[in-house]
Amino acid sequence: MNQATTILDASQPQRPARTVFSSAAFHRIQLRHFILFDVLPALGTLAAFVSLRWLPLHVTDIVLFSVFWLATGLGLTVGYHRYFSHRAFTAARPVAYLLLVLGLMAARGPMISWVAMHRRHHELSDRDGDMHSPNLHGETLSGRMRGFIHAHLTWMIRHDYPNVARYVPDLLRNRDLMRLNRSYYFWVAFGLALPALIGGLVQWRWQGALTGFLWGGVVRIFVVEQTMSAINSLCHLVGTKAFARGDQSRNNVWLGFVTWGEAHHNNHHAFSNSAAFGLRWHELDPGFWFIRSLGILGLVWDIKLPQETKIISERRPGT
Ligand SMILES: [Zn+2]
Ligand SMILES: [Zn+2]
């Protein structure tokens, strides 16, 4: 594959010095996003469980939840995270755009903002300026609790906005990517409407559309949101530290499968450009399985992996 088939420009001009912006306009957008895609899905999930009495779960709802959970989760971990943030592999254009659309449907924010915040997280992990570290609120039990709640949820209500010209110049240069990124709200709405439509058609009744919307849309958004938040909170607080990198990132092997591989978070901080987050056979990593499958099909290539000797030499004893 030649360069013309890829969408990311590898050249890196000098970075602007300003790191973050803070303004009332940004904070209004952040609050609105938090209410729409964190508070409402939580309330909607509660409503979905309460309504089970009148709207029993149909097998279609379980399938819709599972398929949309997996597709949008892969959009985040493979698309937003491993491809756009870390360039852990190179992708054919259609694959890159598909990953972007799936990530947008997850309702975790536009890709440009997500990647800028994430690159800043790696730059300052667990130090001043890391927007969602759970470790900057003191060593006491109450400090730890406040840190957890901050990292898991409340940081999203109001935070500094990273200077995208500094953090994501490679992405800003791509007009098609930017145009798609701007249609964020359309794709979130599409991700809610599609399971409703499928549920209604399969069951051929309005009730099917409603439960498809709830389980394939609202509950799925809530579960994906909680999963990604747990990487910020739990995976910087508890778990195994296989590699010492000066931050508090941890591995939680037992969460590997349900987080699409994201819970091997200490591995990821240690080898951030690696396409694989699971580095041992029992560190389940569905995100990497997906990348490897795309690689076999010739749809992605240049899949980056750390050298085995480096992994062995840098692994902390007993981990
Ligand atoms: Zn982290
Ligand atoms: Zn990362």
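Points to keep in mind about this one:
- Theoretical gain in end-to-end length, residue 182 to residue 49 [0.36 nm per residue, Cα-Cα removed]: 44.6 nm
- Counting only Cα atoms, region 20-241 measures 53, 46, 38 Å along its principal axes, largest extent leading.
- Folded to 0 to 90 degrees: helix 111-124 orientation relative to the chain principal axis, Cα: 40 degrees
- C-alpha center-to-center spacing [region 202-252, region 165-200] in angstrom: 19 Å
- Here the spin labels are modelled as points 7 Å beyond Cα on the Cα-Cβ line, and at residue 27 and residue 314 they lie 3.9 nm apart.
- With a Förster radius of 22 Å applied to the beta-carbon distance between residue 15 and residue 190, the computed FRET efficiency rounds to 0.05.
- Shown here: region 229-319, whose C-alpha atoms stretch 38, 30, 20 Å along the first, second and third principal axes, sorted largest to smallest.
- Estimated D of region 146-236 in µm² per second, where Rh is the Kirkwood radius over Cα pairs and Stokes-Einstein applies at 25 °C, 0.890 mPa s: 154 µm²/s
- Relative packing of 265-276, 43-54, 157-168, 28-39, which averages over residues the other C-beta atoms within 10 Å, highest first: 265-276, 157-168, 28-39, 43-54
- Contact order normalised by residue count of the chain, Cα under 8 Å, 6+ apart, percent: 23 percent
Here, each number is a calculation from the coordinates, and none is a lab measurement. All values reported here derive from a predicted model rather than from experimental measurement. Quick reminder, even Gly has a Cβ in these numbers, built from the backbone with ideal geometry, and neighbours come from all protein chains shown.
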